[in-house]
1. Any idea which of (1) exposed (fewer than 12 other Cβ atoms within 10 Å of the Cβ); (2) assigned to a strand (DSSP E or B); (3) among the polar types (S, T, N, Q) is the one S34 doesn't satisfy?
2. Could you please tell me which pairs satisfy a Cβ distance under 7 Å, a separation of 6+ or placement on different chains, a first residue in region 11-24 that is within 16 Å of K39 (Cα to Cα), and a second residue that is at pLDDT below 70 and not in a helix (DSSP H, G or I)?
Amino acid sequence: MKRRTPTPAAIRAALAAQSLRTSARWLIHWRDRSPTVVKYQWRVPLSRVLGEHVACVAAEPLEDGL
């Protein structure tokens, strides 16, 4: 019988991947101006950052402690 629930290793990997895609600080890259830093109160995913800044060409998470 195949296992239907995720293994503990799969759960850890999914949580680690999710933490890499969320941050409270993001560096937003623009086509026509210098990059800017955007700060959020809580950690937000890349999809929210790109959705709120539709003119940006890229965004990268920054470490929260800086």
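The values are calculated or read from the model by the stated rules, or taken from the named source; none is laboratory data. Computed from a prediction, not measured in an experiment: that's the story for all the values here. With ideal geometry, Cβ positions are generated from the backbone for all residues, glycine too; neighbour counts draw on all protein chains shown.
1. (2)
2. What qualifies is S23/D64; A24/D64.
Results for (1) modelled with pLDDT under 80; (2) within 16 Å of E63 (Cβ to Cβ); (3) assigned to a loop (DSSP other than H, G, I, E, B), shown as yes or no for each residue.
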{"position": "R4", "(1), (2), (3)": "yes, no, yes"}
{"position": "I11", "(1), (2), (3)": "yes, no, no"}
{"position": "A14", "(1), (2), (3)": "yes, no, no"}
{"position": "A17", "(1), (2), (3)": "yes, no, no"}
{"position": "S23", "(1), (2), (3)": "no, yes, no"}
{"position": "K39", "(1), (2), (3)": "no, yes, no"}
{"position": "S47", "(1), (2), (3)": "no, no, no"}
{"position": "L50", "(1), (2), (3)": "no, no, no"}
